[in-house]
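Remarks on the structure that follows.
The values are calculated or read from the model by the stated rules, or taken from the named source; none is laboratory data. These figures come from a predicted structure and were not determined experimentally. Note: ideal-geometry Cβ built from the backbone for every residue, glycine included; neighbour counts use all protein chains shown.
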Amino acid sequence: MALSQAVTSRASVFKSKTWIDTGYRLHSRENKPFMVSSLLEEPSLVVLPPSMTTELILAKETDLSFWHALDDIVFSEHAFYSTRILSLPLQTTIIRRHLASGAQRFMPAVVRQLRNTLDREWGSGKPKQWRSVNLFNSLLNVVNNMVSVVFVGTDLANDQDFQTSITKHTEQVFLTMSVLRMEVESKLMPLIMERLKNSSELKAGQDKPDDLLQWLIDCQTSLKDPAERAIELEPSLIVTRVLMSYFVSVFLVNVALFNAVSIMGRLPEADYWSEIYTEARKILDVDEHGWTKEKVDKLWKTESFVKETMRFVGDACFEMRRKVMAPTGINLSDGTHLPFGTTVGLPSNAIHNDDRFYPQATSFDGLRFLKLRESDDGNTARGSLLTATSNTFLQFGHGRHGCPGRFLAADILKLILAEMTLRYEIKWDEKPEESSWFGNSLLPGQNTVVSVCPRD
């Protein structure tokens with residue numbers, strides 16, 4: 001029995017997606033939970049049907065814990081040297097508070113950073129020539145530089161040594177965390193010490209930096225408990241919270257961006273590159289003020305294309321995970337008992353490709369959500385937004401633990417696609433490398449090469 005379970009668990013590394021899809025057809029459509037083996041995570045996972053989504057998101061944290069389930073993936077104590085980043089997730093609270101409504105403040109700096117990074121990665125047109133670029137790596141550098149403006153300010157966003165270190169840390173945090181953390185700390189620690197010193201000396205009315213690092217320091221300084229405040233103002237813990245924010249932001253945004261551009265290479269006849277170019281050109285030609293939050297919000301076609309990419313491709317087949325923390329376990333509405341320590345979640349990829357929720361779900365339609373947005377039904381139109389979560393769109397989670405940074409992520413994704421199509425032509429010498437399922441995650445083909453050339 002033990003040997004059989006071990007073989008099954010090892011097979012799950014490459015077969016989880018297939019098993020979950022099969023279980024979805026056999027059980028989820030009958031509103032029944034099912035189990036799949038997992039070597040990379042728990043011995044087994046309980047997959048809930050879509051009909052139990054509301055039950056999952058309304059459960060108490062003491063019964064079904066989001067944070068404990070996340071820690072089983074992140075290994076915060078070992079990968080980030082602190083469990084406080086999840087037991088007291090200040091960075092999440094701060095991102096939710098500042099980023100949902102602060103996009104316009106960052107827009108000029110973010111656009112400058114985007115253009116400068118594209119010049120370096122894809123060429124500035126001086127001289128105008130075609131060049132071959134690794135798609136995944138070049139996009140990762142673009143995303144990382146833009147996020148850095150918001151997280152640590154423009155100085156470190158323009159520091160290539162820091163950008164190289166933080167990118168490597170984000171990609172390889174579980175492999176060589178000690179060395180990479182030291183490289184990041186060498187750049188980040190002096191800035192933190194300077195900010196802490198300036199915060200203590202700042203007089204009323206004086207301007208402060210406007211970025212994630214400063215928001216963290218302000219929040220930590222305002223803690224009422226002296227002991228908690230002292231712990232949180234430890235520079236090493238501040239570094240940890242910044243690193244965690246990068247980890248959950250940069251790589252996932254880059255995967256979504258990479259998938260979006262790769263879809264264009266797989267469906268050249270649809271010419272989505274030109275579609276997005278035309279939309280962006282029309283919006284910018286209205287005046288000479290460049291990109292604003294209002295203009296980014298008008299990229300409806302681009303937004304639809306990104307959301308359809310997330311629906312059609314995604315990055316995981318098992319999401320919305322929670323861990324049973326009630327000592328005696330919990331009972332689901334259908335009577336199923338889940339013991340303490342069980343991890344449950346939803347078959348997100350299967351839901352996103354279910355014809356009951358998305359007509360012709362197995363076909364890619366970049367304008368799918370644009371059509372919904374232009375419908376007369378107000379609820380349908382709102383649900384078509386990239387940042388709108390629901391029981392049938394789980395890419396950003398759903399409910400109170402929905403991704404707090406999705407508003408910034410949506411703006412960054414739309415901006416990058418618009419700027420790339422406005423400034424460059426692209427050629428696919430061959431179809432993009434296929435992504436591969438590893439456990440419950442879809443890993444992008446990181447060897448895809450494209451040819452790009454600045455437009456006239």
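Determine which member of the set Leu417, Leu394 is under 27 Å from Thr18 (Cα atoms), in contact with a Ser or Thr (Cβ under 8 Å, 6 or more places away or on another chain) and crowded, with 22+ Cβ neighbours inside 10 Å. Checking each option against the conditions leaves just Leu394.
If only residues of the stretch 113-147 that are farther than 22 Å from Asn259 by Cβ and not charged (D, E, K, R) are counted, the one that is surrounded by the fewest Cβ atoms within 10 Å (Cβ to Cβ) is Pro127. Every listed requirement among (1) within 27 Å of the chain's Cα centre (by Cα); (2) not in a helix (DSSP H, G or I) is met by Ile276 save one, (2). The residue pairs whose first member lies in the stretch 98-117 and is at pLDDT 80 or above, whose second member is in a loop (DSSP other than H, G, I, E, B) and of a type outside the set (Val, Ile, Thr), and whose beta carbons are closer than 7 Å, counting only pairs six or more residues apart or on different chains, are Arg105/Asp210; Met107/Trp291; Val111/Gly290; Val111/Trp291.
Take the conditions (1) touching a residue at least 60 places away in the same chain (Cβ under 8 Å); (2) within 17 Å of Val46 (Cα to Cα); (3) crowded, with 21+ Cβ neighbours inside 10 Å; Ser348 misses just one of them, which is (1). Identification of helices (runs of 4 or more DSSP H) wholly contained in the stretch 317-428 with 2 or more residues that are closer than 25 Å to Tyr246 by Cβ and aliphatic (A, V, I, L, M) yields 406-423. Pairs linking a residue in the stretch 262-275 that is closer than 25 Å to Leu443 by Cα to a residue that is surrounded by fewer than 20 Cβ atoms within 10 Å (Cβ to Cβ) and aromatic (Phe, Trp, Tyr), with Cβ atoms under 7 Å and 6 or more positions apart or on different chains, are Ile263/Phe364; Met264/Trp273; Gly265/Trp428; Leu267/Phe364; Pro268/Trp428.
Taking the criterion of being more than 14 Å from Glu425 (Cα to Cα) and over 23 Å from the mean Cα position of the chain (by Cα), the residues of the stretch 117-148 that qualify are Arg120, Lys126, Pro127. One residue stands out among those in the stretch 42-73 that are under 13 Å from Gly345 (Cα atoms) and part of a loop (DSSP other than H, G, I, E, B): the one that is modelled with the lowest pLDDT, which is Glu42. Checked against the criterion of being at pLDDT 90 or above, of a type in the set (Gly, Ala, Ser) and on the phi > 0 side of the Ramachandran plot, the candidates Gly125, Gly153, Gly205 yield just one match: Gly153.
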